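The values are calculated or read from the model by the stated rules, or taken from the named source; none is laboratory data. Computed from a prediction, not measured in an experiment: that's the story for all the values here. Every residue, glycine among them, receives a Cβ derived from its backbone with ideal geometry; neighbour counts consider all protein chains shown. Ligands, DNA and RNA are excluded from the accessible area calculation, which covers all protein heavy atoms including side chains. Shrake-Rupley method; radii C 1.70, N 1.55, O 1.52, S 1.80 Å.
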Amino acid sequence: MSIPVIDKTFDNQNFSNQKLPSREYDNCTFINCDFSSTDMSVVTFLECKFDTCNFNSVKVKEASFQEVIFVECKMLGVDFGSCNDFLFEAEFDNCNLDYVSFYGFTMKNTRFKGCSLKETDFYRSNLTGSIFSDCNLDGAIFENTIAEKVDFRTAINYAIDPEVNQLKKAKFYSSGLSGLLIKYNLDIE
């Protein structure tokens with residue numbers, strides 16, 4: 001790896017359709033940057049913040065995100081399942097994560113706040129201890145997912161089959177229980 005980039009702010013920069021060099025970004029802030037179709041493979045981000053950035057179709061194979069915060073970012077179609085899940089720690093605040101894949105990914109204690117997660121793939125992922133606060137999970141895929149101690153209380157539009165997912169100690173409001181019974185085609189009022 002090359003020399004790390006430390007304590008730097010990147011504002012309104014266009015990284016689209018580029019390959020970021022394999023290096024470490026430590027305590028950096030990215031504001032209104034365009035990473036669409038950027039190759040971030042094997043890049044490490046430690047204690048970084050991405051604010052109002054575009055990550056549509058970004059490649060993140062073996063990229064590391066440790067103590068990273070994403071605020072109001074567009075991340076359509078990102079395959080986080082190809083990231084390095086060792087010490088993965090991220091928070092997503094008001095982000096668009098529609099059609100994102102977390103297939104087979106371990107992402108314990110991840111916080112999603114006010115996010116759109118339409119048709120997001122959580123197949124075989126480990127979400128233990130994560131929080132979906134005011135998130136739209138319309139069409140999100142939960143199958144063979146470990147969702148123990150996950151807080152779904154203020155999430156909406158989820159359909160989760162308790163028979164094919166691990167939901168021990170997961171939190172739901174009674175008004176959202178229909179999302180756990182959807183496969184039975186019941187009329188719940």
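Taking the criterion of being of a type in the set (Ser, Thr, Tyr) and either open to solvent by less than 30 Å² (accessible area, probe 1.4 Å) or in contact with a Lys or Arg (Cβ under 6 Å, 6 or more places away or on another chain) (or both), the residues of the range 29-42 that qualify are Thr29, Ser36, Thr38, Ser41. The set of residues from the range 145-169 being small (Gly, Ala, Ser), crowded, with 17+ Cβ neighbours inside 10 Å and under 17 Å from Tyr123 (Cα atoms) comprises just one member, Ala147.
For Ser57, are the conditions met, namely being part of a loop (DSSP other than H, G, I, E, B) and at pLDDT below 95? Answer is yes for this residue. The listed residues are Phe50, Phe10, Phe45, and the only one of them that is at pLDDT 95 or above, surrounded by fewer than 20 Cβ atoms within 10 Å (Cβ to Cβ) and assigned to a strand (DSSP E or B) turns out to be Phe10. For the range 80-124, the set of residues classified as open to solvent by 70 Å² or more (accessible area, probe 1.4 Å) and outside any loop (DSSP other than H, G, I, E, B) consists of Arg111, Lys113, listed by residue number.
Every test in (1) over 16 Å from Ser130 (Cβ atoms); (2) surrounded by fewer than 17 Cβ atoms within 10 Å (Cβ to Cβ); (3) charged (D, E, K, R) is passed by Lys74 save one, and that test is (2). The sole residue among Glu24, Glu89, Glu62 that is more than 27 Å from Asn144 (Cβ to Cβ) and in contact with a strand residue (DSSP E or B) (Cβ under 7 Å, 6 or more places away or on another chain) is Glu24. Just so you know, in the range 13-28 the residues that are in contact with a Phe, Trp or Tyr (Cβ under 7 Å, 6 or more places away or on another chain) and of a type outside the set (A, V, I, L, M, F, W, C) include one that is surrounded by the most Cβ atoms within 10 Å (Cβ to Cβ), and it is Tyr25. Of Phe142, Phe132, all but one fail to be aromatic (Phe, Trp, Tyr), open to solvent by less than 30 Å² (accessible area, probe 1.4 Å) and under 29 Å from Asn32 (Cβ atoms); the exception is Phe132.
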